[in-house]
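Following: one structure in structure tokens, then a few remarks.
Each reported figure results from applying straightforward, stated rules to the coordinates on display, with no laboratory input. All figures in this text were calculated on a predicted structure; none of them were measured in a lab. Ideal geometry is used to build each Cβ from the backbone, glycine not excepted, and the neighbour counts take in all protein chains shown.
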Amino acid sequence: MRMTTDFPPINAERLWQRVETLSTFTLPDQPWTRRAFSDLFLRAREWLREEYLAAGLSPSLDAGGNLIGRRAGRRAEAAPIVTGSHCDTVVGGGRFDGIIGVLAGIEVAQTLQEQGIVLEHPFEVIDFLSEEPSDYGISCVGSRAMAGLLDAGMLAARRADGETLAQGMARIGADPGALARPLRKPGGTAAFVELHIEQGPVLETRQVPIGVVTNIVGIRRTLITVTGQPDHAGTTPMDLRRDALVGAARVIEAAHARACALSGQPHYVVATVGRIAMTPNVPNAVPGSVELMLEVRSDSQTVLDTFAAAVLEAVAPGLAALRVSAAAEPVSQAAPTDCDPFVMEAIEAAAGALAYPSLRLPSGAGHDGVYVSRTGPIGMIFVPCKGGRSHCPEEWLAPSQLLDGTRVLYQAILELDRRLTRR
């Protein structure tokens with residue numbers, strides 16, 4: 001291994017302190033929760049804006065609600081090299097998912113500034129708006145907007161209090177009226193590379209410090225409504241009931257069975273029902289209606305396109321016997337996306353130059369890179385997380401692992417700048 005004096009001069013203490021500080025922007029009784037569009041989220045972004053300035057980045061908010069920090073390059077007309085991620089969390093999530101991609105980008109910018117290094121290309125760090133599924137039911141809001149894929153139906157989506165996504169975006173300073181066209185055209189990004197925790201156990205199990213992502217799974221969310229009839233729970237005999245919850249259980253079981261049957265044959269397939277709403281939802285009434293949010297992830301577009309319909313077809317006889325019905329409504333979708341070999345090779349070269357072993361692997365989680373790929377070539381750097389845990393308070397990576405990933409990110413930015421300039 002090389003001596004640490006050969007490593008990029010990343011300030012590990014400053015980087016970790018930023019992680020600790022951003023972690024304080026959370027609901028105190030439900031760590032770690034910082035939902036996009038919330039007051040906590042807006043306060044965190046005010047802090048991020050100051051950190052952008054400290055790192056020599058010029059901050060701005062685009063029409064899609066993305067907080068962009070930009071550093072000029074020698075070639076002002078060149079498309080920027082971009083890094084970043086997101087600072088919002090799921091409810092009861094972790095301190096590192098998304099967050100390290102933004103903060104590592106800030107650290108890279110500040111290190112470039114301190115070393116007096118000016119890239120040929122402009123350099124941007126982006127905190128994308130609401131990568132996690134928002135309270136409006138839409139994920140990757142900012143990156144969709146950047147690519148011109150946040151359509152009118154999505155902007156009209158409402159959260160529980162009736163506010164539309166468009167209204168929420170306007171409230172935080174975005175401009176939903178300007179989203180009819182892409183905010184960044186194809187070719188508008190020279191290269192995008194994101195540092196992220198793996199959110200799985202592969203790197204830790206194999207004791208490899210750096211992952212080079214090959215592709216990002218597609219995600220399809222479908223709202224399935226099972227309709228029966230609400231009745232008195234004490235006076236309605238079992239054979240005369242039209243219990244929507246029993247029907248919903250059949251749907252969930254069928255989705256689970258289908259995902260198990262398809263996974264590894266030869267595709268990656270997972271299916272989850274993570275949200276259920278039921279009416280009347282009282283102890284003494286037969287459930288009359290149940291809404292399920294079915295999420296399917298796969299590297300196969302065909303699997304994504306056919307999964308929900310196949311599940312409903314499989315359960316149709318059972319639902320008919322229960323005298324209940326089911327209907328499916330598409331909510332959102334993201335296509336499977338390959339990482340660009342050009343960016344992957346630059347990441348591998350960066351890791352190799354620093355004597356870090358690396359491993360190519362797919363991402364089973366969705367990322368903003370799916371939409372950024374519409375504007376330019378993308379790649380991702382994974383670092384291990386403890387036990388592969390994520391989207392939970394126990395999510396963890398060691399400071400040394402964050403430092404490893406940030407060093408490789410820094411070196412990859414330099415490598416991409418050189419390779420793009422030679423093109």
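Details
- Inter-centroid distance (Cα atoms) of segment 261-290 relative to segment 63-139, Å: 35
- Taking packing as the residue-averaged number of other Cβ atoms within 10 angstrom, the listed peptides 297-306, 174-183 run from highest to lowest as 297-306, 174-183.
- A simple rule links phi to the HN-Hα coupling: the Karplus curve 6.51 cos²θ - 1.76 cosθ + 1.60 with θ = phi - 60°, which for segment 326-333 gives 9, 9, 10, 10, x, 10, 7, 8 Hz, with x for Gly and Pro.
- Sequence-separation-based contact order of segment 218-334, relative, with Cα cut under 8 Å and 6+ spacing, percent: 45
- Sparse-neighbourhood loop sites, GluC sites (Glu not before Pro) in segment 56-151 - DSSP loop, at most 13 other Cβ within 10 angstrom: GLU77
- Burial ranking of peptide ranges 59-71, 132-144 (average Cβ count within 10 Å, highest at the top): 132-144, 59-71
- Highest mobility in the GNM of the chain, judged by mean-square fluctuation with C-alpha springs under 10 Å and restricted to GLY264, GLY388, GLY92, is found for GLY264.
- In the chain, helical runs assigned H by DSSP with n ≥ 4 each contribute -39500 (n - 2.57); averaged across all residues and rounded to the nearest 500, the mean residue ellipticity at 222 nm is -11000 deg cm²/dmol.
- Antiparallel beta bridges, as assigned by DSSP with both residues in the chain, represent about 70 percent of the total such bridges.
- Point-charge dipole on Cβ atoms (K/R +1, D/E -1) for segment 218-334, about Cα centre, debye to 20: 60
- Peptides 408-421, 154-167 ranked from most to least packed give 408-421, 154-167, packing being the mean of other C-beta atoms within 10 angstrom over each peptide's residues.
- Selected from ALA350, LEU403, VAL102, residue furthest toward positive end of dipole (the chain; charges at beta carbon): ALA350
- Selection among LEU203, MET154, VAL90 by position relative to the dipole of the chain gives MET154 as farthest towards the positive end (Cβ unit charges, Cα centre).
- Charge dipole of the chain (Cα centre as origin; +1 on each Lys and Arg Cβ, -1 on each Asp and Glu Cβ, all else neutral): 500 debye, rounded to the nearest 20.
- The chain, relative contact order in percent, only Cα pairs under 8 angstrom and at least six apart counted: 22
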